[in-house]
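The values are calculated or read from the model by the stated rules, or taken from the named source; none is laboratory data. Keep in mind the model is a prediction, meaning the values are calculated, not measured. Neighbour counts are summed over all protein chains in view; Cβ atoms, including those assigned to glycine, are modelled from backbone coordinates with ideal geometry. In case anyone asks, the SASA skips ligands and DNA or RNA and just uses the protein heavy atoms, side chains included. Shrake-Rupley method; radii C 1.70, N 1.55, O 1.52, S 1.80 Å.
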Amino acid sequence: MTTLASHSLTHLTNADLHCHSTVSDGTLEPEALAARAAANGVELWALTDHDEIGGQQRARAAAHAHGIAYLTGTEISVSFAGETVHIVGLGFDEQSAELSAGLAGTRGGREARARDMAAGLAQVGIKGAYEGALQYVGNPDLISRTHFARFLVEAGHCNDTNEVFRRFLTDGKPGFVPHRWARLGEAVGWISRAGGVAVIAHPARYSRFTPTEEYALFSEFKAHGGRGVEVMTGSHSAAECIKYADVALEFDLLASRGSDFHAPGESRTDLGSLPALPGKLTPVWEVLAERVSWPG
Ligand code: AMP
Ligand code: MN
Ligand code: MN
Ligand code: MN
């Protein structure tokens with residue numbers, strides 16, 4: 001068991017501030033994630049389910065039972081310049097009515113989108129994908145492409161989820177349905193006005209952006225009150241971590257660290273297993289000390 005000495009974040013290195021449970025598209029319950037985080041030496045943890053905060057109380061209680069400090073978390077889907085961008089919120093007040101309503105609105109279109117995705121897949125001979133995906137869904141509000149991917153692998157259409165996304169679930173492919181998510185300013189505003197810090201998730205994944213669009217994302221994010229960027233994430237290569245460490249300095253952003261763990265055997269980075277943040281960066285948790293809930 002790891003316990004932080006005297007409620008201090010000063011010497012903290014193993015923060016994992018990005019992962020998913022069955023409340024969105026992860027396969028583990030919040031309690032199982034907390035146990036895994038503890039086993040892997042995580043000292044400060046946040047569960048960041050997509051567009052949903054329904055797992056927060058369970059995650060915090062389980063974290064505390066393992067002696068781990070906890071920050072509230074979510075990962076909001078945003079449409080920006082024709083791409084989906086993910087904004088992680090950390091340390092917000094989960095009682096915020098504005099945040100809850102915003103997240104509910106963002107989740108709202110998922111069911112219709114899923115039915116349209118299934119119709120697209122049916123046209124290329126893949127029957128029953130909506131019902132198939134539903135078998136993998138823990139939260140009916142949160143049916144996602146990940147659940148379709150798991151079904152398509154299980155049904156033998158592809159060898160792994162990566163292949164499903166490449167062949168069926170990305171722009172221009174039969175199961176892809178364009179969707180309008182939250183606006184950047186809305187997501188950043190909901191998080192910030194609830195007392196939290198907004199963070200650009202896995203910036204290297206928005207590969208369709210031109211340099212101008214990427215610059216616009218970072219500058220508009222800051223203009224709306226966004227304060228952080230993920231530098232160390234399970235979806236960055238070593239070279240991308242170095243690149244976004246420099247971007248964090250250039251834009252004077254706090255740096256975050258999170259595995260983006262979804263499922264054993266599916267996610268390439270386990271909870272708590274990333275390298276530490278480069279020393280030249282200011283960790284996002286340095287401004288969140290007041291928002292951390294400590295084990296009893
Ligand atoms: P959605 O919010 O329904 O559009 O689904 C997005 C989710 O799909 C992401 O949060 C990831 O969990 C997953 N995802 C996206 N791209 C890939 C990929 N290439 N391979 C595996 N999972 C992916
Ligand atoms: Mn996901
Ligand atoms: Mn994401
Ligand atoms: Mn994620």
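Just one of (1) open to solvent by less than 30 Å² (accessible area, probe 1.4 Å); (2) outside any strand (DSSP E or B); (3) more than 17 Å from residue 257 (Cα to Cα) fails for residue 77. It is (2). Among the residues making up the stretch 205-224, a single one is part of a loop (DSSP other than H, G, I, E, B) and of a type in the set (A, V, I, L, M, F, W, C): 209.
For the residues 267, 259, the requirement of being at pLDDT 95 or above and within 16 Å of ligand 2 (Cβ to nearest atom) singles out 259.
Take residue 272 and decide whether it is open to solvent by less than 30 Å² (accessible area, probe 1.4 Å), more than 16 Å from ligand 2 (Cβ to nearest atom) and assigned to a loop (DSSP other than H, G, I, E, B). Steps first, answer last, please.
Numbers: open to solvent by less than 30 Å² (accessible area, probe 1.4 Å): yes; more than 16 Å from ligand 2 (Cβ to nearest atom): yes; assigned to a loop (DSSP other than H, G, I, E, B): yes.
Taking the combined requirement at face value, the residue satisfies it.
All of (1) part of a loop (DSSP other than H, G, I, E, B); (2) in contact with a Leu (Cβ under 9 Å, 6 or more places away or on another chain); (3) among the polar types (S, T, N, Q); (4) within 16 Å of ligand 4 (Cβ to nearest atom) hold for residue 27 with one exception: (2).
Being within 27 Å of residue 286 (Cα to Cα), in a loop (DSSP other than H, G, I, E, B) and of a type outside the set (Phe, Trp, Tyr) holds for only one residue in 195, 172, 156, 185, and it is 195. Take the residues of the stretch 44-58 that are open to solvent by less than 10 Å² (accessible area, probe 1.4 Å) and within 16 Å of ligand 2 (Cβ to nearest atom): which is farthest from residue 101 (Cα to Cα)? Ranking the candidates gives 46 first.
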